[in-house]
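The values are calculated or read from the model by the stated rules, or taken from the named source; none is laboratory data. This structure is a prediction, so every number in the text was calculated from the model and none was measured. In this analysis, Cβ positions are derived from the backbone assuming ideal geometry, glycine residues included, and neighbour counts consider all displayed protein chains.
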Amino acid sequence: MKIAYIYDVIYPETIGGVEKRIHEIGIRLSRQGHEVHLYGMKYWDGPDVIVRNGIVIHGVCQVMNLYTGGRRSILQAVRYTAGLALPLLHTDADIIDCQNFPYFPAVISYLISRLTKRVLVVTWHEFWGYYWFSYLGVRGIIGLLIERLALWCSPRAIAVSPLTAGQMLQAGYYRDIPVIPNGIDLSAIDGVAPASTISDIIFVARFIPEKHPELVVQAVRCLVSSGMDIKCIMVGDGPEFSPVQELIRRYDLSERITCTGFLADHNEVVSLMKSSKVFILPSEREGFGIAAIEALACGLQLVTARHPRNAASAHVLPGGGYLAEMDAGDIATGIKMCLLTGPDESVIKAYVNRHDWDQIASSLEKYYESLYS
């Protein structure tokens, strides 16, 4: 089969759940003899089309900042979609797999698939629904309507979590939605040695308001105030990076919390996880939470937020973590409990083994074949 993935950002130039999924599944499908293409922004110099790890990558527009004023840039989404139209019109892919966000590509993919008789699948990583009003206020009606349009333009849909599938069905989606989750590369993780830098807790995520990196700092402050000797590492970058650094200085926690910024080498991130004890993700919105599963595979316990839009909360296992309220004090309580009790290794191992990328890629390959045959 010839498979075309549609997403604006590319791994490893950016390290997020969606681009990581496409990368891991794409290289495995390529090894199985399928021709895999990815249409994204052009992060490199030279020709518009390159081959990397067996994936043919098309740069459809010059790279642009994803965020403006701390929120996803509409101009970037429009520019990417405009650049996507002509290359996608000329593709001879058997399957087009478009990621649902930032919505506009799903609409153009639908129109082109109808015109060219291609099979279109839209992979939904999140469904926001009325959350748009919390995100944009009254202007959220625009996001809500565009999301519903993208849902209507999804003749076949995949969800990466039961949470997202349920939200889509509640919004009126009328077809079956197979859940094909994200995964982890267990063999690669097993081959990484722990870092020399030791920490008690680690945060790995984009520094954006929805991830609440400030609650990590506040939780550390609570633990230090209670007399605990705590070391924390925060990995990532984004619009909230500078405010978080300022908060660390204000609370006099510079010797307790280290912010590494963005780390391009994923093995370095895994290495830091392996030298820590608790993974903290106080996020109010996760479509799946790959980093949380990776942390479990590294032997860490997970402390994440109890929130109706946080799919990573499903990864909190008995003996494997703590589900906290969106409150620094309760997050600190969860961290302390995990540090004192330690993980249930057998429970965690059984769970992560079900999320190996080899199994995920095989499931998706079978689904594609059912559509193509």
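Does region 230-241 hold any residues that are modelled with pLDDT of 95 or more and surrounded by fewer than 20 Cβ atoms within 10 Å (Cβ to Cβ), and which are they? Across region 230-241, the qualifying residues are Lys231, Phe241. When Ala205 is tested against (1) touching a helix residue (DSSP H, G or I) at 6+ places or on another chain (Cβ under 8 Å); (2) surrounded by fewer than 20 Cβ atoms within 10 Å (Cβ to Cβ); (3) within 23 Å of Leu296 (Cβ to Cβ); (4) not aromatic (Phe, Trp, Tyr), only condition (2) is not met.
Phe203 - would you say it is assigned by TED's automatic domain parsing to the domain that holds Thr333 and not in a loop (DSSP other than H, G, I, E, B)? Taking the combined requirement at face value, the residue satisfies it. When the strands (runs of 3 or more DSSP E) confined to region 244-337 are screened for residues that are surrounded by fewer than 22 Cβ atoms within 10 Å (Cβ to Cβ), those reaching at least 3 such residues are found at 257-261.
The number of residues in region 159-183 that are among the polar types (S, T, N, Q), in a loop (DSSP other than H, G, I, E, B) and closer than 23 Å to Ile74 by Cβ comes to 0. Going residue by residue through region 139-158, is there one that turns out to be of a type in the set (Lys, Arg), assigned to a loop (DSSP other than H, G, I, E, B) and modelled with pLDDT of 95 or more? So far as region 139-158 goes, yes, one or more of its residues are of a type in the set (Lys, Arg), assigned to a loop (DSSP other than H, G, I, E, B) and modelled with pLDDT of 95 or more. Ala193 falls short on exactly one of the conditions (1) at pLDDT 95 or above; (2) aliphatic (A, V, I, L, M); (3) not in a loop (DSSP other than H, G, I, E, B), and that condition is (3). In region 36-74, the qualifying residues are those that are in contact (Cβ under 8 Å) with a residue 12 or more places away in the chain and among the polar types (S, T, N, Q), and the one that is farthest from Gly238 (Cα to Cα) is Asn53. Considering the conditions (1) in contact with a strand residue (DSSP E or B) (Cβ under 7 Å, 6 or more places away or on another chain); (2) at pLDDT 95 or above; (3) not β-branched (Val, Ile, Thr), Phe104 is excluded by exactly one of them, (1).
Within region 185-211, the set of residues being more than 18 Å from the chain's Cα centre (by Cα) and among the charged types (D, E, K, R) comprises Asp190, Asp200. Sort out which residues of region 241-294 are small (Gly, Ala, Ser) and closer than 13 Å to Val220 by Cα, and write them in order of number. Matches in region 241-294: Ser254 only.
Applying a threshold of 9 Å to beta carbon distances and a minimum spacing of six or more residues, or different chains, the list of pairs starting in region 239-252 at a residue that is among the charged types (D, E, K, R) and ending at one that is modelled with pLDDT under 95 and loosely packed, with under 15 Cβ neighbours inside 10 Å reads Glu240/Gly70.
Might you check whether a residue that is out of contact with any helix residue (DSSP H, G or I) (no Cβ under 7 Å at 6 or more places or on another chain), part of a helix (DSSP H, G or I), at pLDDT below 95 and more than 19 Å from Leu186 (Cα to Cα) occurs anywhere in region 340-357? For region 340-357, residues out of contact with any helix residue (DSSP H, G or I) (no Cβ under 7 Å at 6 or more places or on another chain), part of a helix (DSSP H, G or I), at pLDDT below 95 and more than 19 Å from Leu186 (Cα to Cα): present.
Only one of Arg28, Arg79, Arg114 is assigned to a helix (DSSP H, G or I) and touching a residue at least 60 places away in the same chain (Cβ under 8 Å); which?
Numbers: Arg79 fails: touching a residue at least 60 places away in the same chain (Cβ under 8 Å); Arg114 fails: touching a residue at least 60 places away in the same chain (Cβ under 8 Å).
After ruling out the rest, the residue left standing is Arg28.
Taken over region 82-111, the criterion of being more than 20 Å from Ile10 (Cα to Cα) and either assigned to a loop (DSSP other than H, G, I, E, B) or touching a Gly at 6+ places or on another chain (Cβ under 6 Å) (or both) is satisfied by His90, Asp92, Asp94. Scanning region 8-45 for residues that are small (Gly, Ala, Ser) and touching a strand residue (DSSP E or B) at 6+ places or on another chain (Cβ under 9 Å), we see that the one that is surrounded by the fewest Cβ atoms within 10 Å (Cβ to Cβ) is Ser30.
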